[in-house]
Amino acid sequence: MRVPCELIEDLLPLYHDEVCSDDSRALVEEHLKDCPACQKTLADIHEQVEHPEEAWEEMKEAQKKWTRDRRRNFFKGLTATLLGILAIAAFVWATNPQGKVVAAENIEVSQVCRLEDGSIVFHLYTNDGKELRSLSFDVIDDCFYFIPEQAKFEADRDSEKGLFNVYLSIYVPEEYNEGSKEVKAELQSLIPLKGVYVGSPGNAVAVWEEGQELPAASPAMERMMENNRAILVDTHKIDWDQYTSYLERTLGDEMFRKEGVE
């Protein structure tokens, strides 16, 4: 019966060092007569023993190569990770709606009027052909600002229905009297206002300024604003088709129309 090579390979180091038993020696020698593979394994053992420095150098070179490969792979992985982080950061920066206020030259304010309750109503339209992601508010030096903000690289609009084409209002009584019932308690801290603007200081369009008289709102505008304030509470959840239909129903021919709004 032929002895498996695996068994002989286990015995070859002992055979080479002449420390195996006579029976094992006889078994190995009998196997080696007809097994070139085990003959080569034994020759390799002889070579390693006779030239230990060369074998050691080969091992050191193999270790160096492994170290270099591991370092190279580490830096490749690190580079890929950093590039991924930079790509995500660039995307967030490019799509972040805060920070880029629409230029005053692209802001149109029209149909400014006053409701019976003292609120000022106006139509806002941005004419740069871009979407409008955010409309924030601020009071600076006793002036109220509607602040239209876009992403750094805002998408082109594909219709005329959106936050860039809306009616807005703010409560500004004609006479400021903090003791009067006409002043809404939640707005006490905002008055008296000296002006209402769209944009930011130094980059804004005036809606109303202190002392300016405004025409009274039409009955259609009064009806439209009865529910419009509630509709615009959360601009991110507005169904713009529904909003436009609502304007058409309540304002009729008074609706501020732009190309694309039917």
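The values are calculated or read from the model by the stated rules, or taken from the named source; none is laboratory data. Not measured: the values here are computed from a predicted model. Ideal geometry is used to build each Cβ from the backbone, glycine not excepted, and the neighbour counts take in all protein chains shown. To get the accessible areas, we keep the full protein, side chains included, count just its heavy atoms, and leave off ligands, DNA and RNA. Shrake-Rupley method; radii C 1.70, N 1.55, O 1.52, S 1.80 Å.
Quick look at the values:
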item: Length released on extending from Q48 to H16, taking residue separation times 0.36 nm less the Cα-Cα span; result: 10.4 nm
item: Gained length - E222 relative to A206, 0.36 nm times residue gap less alpha-carbon distance; result: 3.5 nm
item: Förster radius 30 Å - calculated FRET efficiency between K194 and I238 (Cβ-Cβ, nearest 0.05); result: 0.50
item: Solvent accessible area, Å² - I170, 1.4 Å probe, full protein context; result: 20
item: D141 accessible area, 1.4 Å probe, all protein chains in place, Å² to nearest 10; result: 130
item: Stokes-Einstein D in µm²/s, Kirkwood radius over Cα pairs - the range 114-162 at 10 °C with 1.306 mPa s viscosity; result: 122
